[in-house]
Amino acid sequence: MSKDHLLALDQGTSSSRAIVFHRSGAIVAMAQKELRQIYPQPGWVEHDPMEIWAAQFEVAQQALAQSGLAARDIAAIGITNQRETTVLWDRRSGLPLHNAIVWQDRRTEPICAQLRQQGLGPAVRHSTGLVIDAYFSGTKLRWLLDHVPGARAAAARGELAFGTVDSWLLWQLTQGRVHATDVSNASRTMLFDIRRNSWSTELLAALQVPDTVLPQVLPSSCVFGDTTLFGAPIAIAGMAGDQQAALFGQAGFAAGVTKNTYGTGCFMLMHTGAQMQTSSHGLIATAAAQLAAPSKAAPNRPQAASLPPGGGLGTPSPWGAQYAIEGSVFAGGAVVQWLRDGLQAIRSSAEVEALANSVPDAGGVVFVPAFTGLGAPYWQADARGAIVGLSRGSTAAHIARAALESIAFQSAALLQAMAADAQAAGGTAPTELRVDGGACVNDLLMQFQADLLGVAVLRPVVSETTALGAAHLAGLASGVYGSLEELAALWRVGRRFEPQRSREWAAQRMAEWSRAVRQATAP
């Protein structure tokens, strides 16, 4: 059997999934397992790294079994992951020193406040494209080094390894042979200079992070190593943070393509090409998925050993940079989880659309789901959730509809900021939005999103674009695909949602949202 299949490992915030794709993009088999959320105290969110690995390996085995394929039939593995979530482990035992600190976790806000007071904000923005925020990995790693007994001394002796979830999975798959990450995940640490594609010595010093713990940094599409855990060697040939992988899976290879992923959070990325574009409207710059510079000997196939330990500290990378501008919503699908688990208004997440559709509108109710603060474009770490506009006539259905609408409101604020940045840079505002993620199957939400934005919302035939992007990155490096043009030809629209409301209506609704946000952020 020819190797026309790719295995994508999609390790997300709420679950671990594995999908076997045919080279056409069709899903052959899929398995998924929910991930336990650990809340040690308010504002803290953790995962068990061993549970992450065990669940990811289990679903990979299940997907392969369901597909009827053997390891020898898989051309390559691609990994995509929840970004910023931070793991610190012992190099000899391979065991984590502490639970993973999840991207949603806010415990390091005091460290961030100190960095801001030291005037580091402009330097961080210039080199990393980010703002100083507890969202990113650097302060989480600093916290672990400061609070886990003996961690700093062990790190100084070279005994510890840091990584985001991609690096943790790669270490486990290669049984400790490879400690690496890709440029898109490195760009989310607040320690990585995305202009030079190298770790920043200045920021490492400012956050008191020793370079001994750092992974190598490689392009997103290359051979990182191989795994023999499935019965035969399989190359691990693609790796990207979930949002950059989704942009790649949406055929977002050129400047101007914009996508929004509706997951636990919502993440909107607009590709900006080979130029890093800074934002004046509360967004961040980030590295997009990057391809290895092709060579005659082995196109798109640098090995993990091609950079020195530490990921080429201070040395610009030999491959071409690609960038995106991004806005992050901390609570997207998480608001539906809260309706289910907190308010207990629904028994399963799938019920929310029917409940919301049982009323014609939200009845004046506006829901600001700032459970862990507000992300872009507001960056209000101390904001807390608020439901405003309640009356005696308000019901669970109105709150459910307002919860769904909150996802669209937050995403609309991001696109407005992107449009303003694009126009300021002499470009044009996005004319369409490509969507993916679990909540994009909700037709009510997608239509409301199009109405707010005033542009078409495009849902592709294959909505699992995060995993698809990881598979496509692996397929390029392993020779399954020959070019980006070949991948672009595989992308197909499944449904197109056109705006059905006036711009005056949309402006009025956005004004209501802005008033509610001011209430949620008032001291």
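Structure values in brief
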quantity: Contour excess over end-to-end distance, with Cα ends at Arg177 and Asp146 and 0.36 nm allotted per residue; calculated: 8.4 nm
quantity: Residues of region 49-65 with amide N under 19 Å of a point placed 7 Å along Cα→Cβ from Ser93; calculated: 49-54
quantity: Fraction of alpha-carbon pairs over 42 Å apart in the chain - percent; calculated: 13
quantity: Bridge type composition, region 9-146 - antiparallel percent by DSSP, nearest 5; calculated: 85
quantity: Sequence ranges 282-290, 384-392, 267-275, ranked by mean other-Cβ count within 10 angstrom, highest first; calculated: 282-290, 267-275, 384-392
quantity: The chain - mean residue ellipticity at 222 nm from DSSP helices (-39,500 (n - 2.57) per run, n ≥ 4, rounded to 500); calculated: -10000 deg cm²/dmol
quantity: Accessible surface ranking that places the most exposed of Leu355, Leu191 first, with a 1.4 angstrom probe; calculated: Leu355, Leu191
quantity: Gap separating the Cα centres of region 165-232 and region 18-56, nearest whole Å; calculated: 20
quantity: Label-point separation in nm, Arg503 to Ala156, each point 7 Å along Cα→Cβ; calculated: 6.2
quantity: For region 322-362 versus region 113-145, the gap between their alpha-carbon centres in whole angstrom; calculated: 30
quantity: Ordering of 324-332, 368-376 by burial proxy (mean other Cβ atoms within 10 Å per residue, highest first); calculated: 324-332, 368-376
quantity: Added length on full extension, which subtracts the Cα-Cα distance from 0.36 nm per residue, Ser348 to Ala396; calculated: 15.8 nm
quantity: Carbon + sulfur, % of accessible area of region 356-457 - ligands and nucleic acids excluded, 1.4 Å; calculated: 52
quantity: Helix runs (DSSP H) in the chain reaching 18 Å along axis by Cα, Kyte-Doolittle at least 0.0; calculated: 49-67, 396-424, 465-478
quantity: Length added when fully stretched, Thr428-Asp4, from 0.36 nm per residue minus Cα-Cα; calculated: 148.8 nm
quantity: Rounded to 5, percent antiparallel among DSSP beta bridges of the chain; calculated: 70
quantity: Amide H partners (placed H, <5 Å) of Ile236, local residues excluded; calculated: Ile77, Phe224, Gly225, Asp226, Thr227
quantity: Per residue, in Å², the accessible surface of the chain once ligands and nucleic acids are set aside, probe 1.4 Å; calculated: 36
quantity: Space enclosed by the convex hull of the alpha-carbon atoms of region 1-77, per residue, Å³; calculated: 83
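The values are calculated or read from the model by the stated rules, or taken from the named source; none is laboratory data. As the structure is a prediction and not an experimental result, all values here were calculated from the model. Note that each Cβ is placed from the backbone with ideal geometry, even for glycine, and that neighbours are counted across all protein chains shown. The accessibility values were calculated without ligands, DNA or RNA, using every heavy atom of the protein model including side chains. Shrake-Rupley method; radii C 1.70, N 1.55, O 1.52, S 1.80 Å.
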